[in-house]
1. Run through all the Cα pairs of the stretch 38-181 and give the fraction in each 5 Å bin from 0, expressed as whole percent.
2. Compute the distance in nm between two label points, each set 7 Å from the Cα along the Cα-to-Cβ direction, one at GLU85 and one at ASN145.
3. Using packing as a proxy for protection, rank 51-58, 169-176, 157-164, 131-138 so that the peptide with the highest average count of other Cβ atoms within 10 Å comes first.
4. Of the DSSP beta bridges with both residues in the stretch 38-181, give the percent that are antiparallel, rounding to the nearest 5.
Amino acid sequence: MKHNSKINIAAIGIIIFCTVVFNVTAMEIKIPDYGSSANNQFGHGVSISNNYAIAGSFKHQNSGAAYILKYNGNNWVQEAKLMPEDRVPHGYFGYSVSISGDYALVGAFNNDGNELGAGAAYIFRQSNGQWTQHAKLTASDGRRNDYFGFSVCISGDLAIVGAYRDDNKGSAYIYKILEEPGFIRPN
């Protein structure tokens, strides 16, 4: 694909899924921002696991959203639009996203939960095709401008959340996902 610097597609985001066969890449599907508004930052954070993908749109309606996409064998279709139960303006929900199995992890580093910029991350769980909020994570020692949730990753029953400005040094918090809502930090 030739790059044309005169084309600006950043205002309304898209995601392009590709298939690689014998070292030849072929476009399979292009997914537009479901909110259709300019500057939603759709696709800023993306992750894929088996037949599921997640894309963040951290400026959606001024507070953010994340979209779960599922591959049905022919196409990628939207399965859910995720938003936190405690939406806050400019929380940047969806800035970072990760998905693994039936769990999705979404960062909101500017969430005002503890203090401005302390940050939060949210675990969503899928059951019978329905995605619901499982837990809200905040740093036990969170303070203003730590930016907890700036980066996130989930794998199996473990989640890690980055707070790159914590104590001006940065830190990461690891959580073990329990079946019932609640989390513990592994030793």
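Throughout, read-outs are computed from the coordinates displayed, never taken from laboratory work. Everything numeric here is computed off the predicted structure, so don't read it as measured data. A quick note on method: Cβ atoms are made from the backbone with ideal geometry, for glycine too, and the neighbour counts reach across all protein chains shown.
1. 2, 12, 22, 24, 21, 12, 5, 2, 1, 0
2. Here the modelled spin labels are 3.2 nm apart.
3. In descending order of packing, they fall as 51-58, 157-164, 131-138, 169-176.
4. 95 percent
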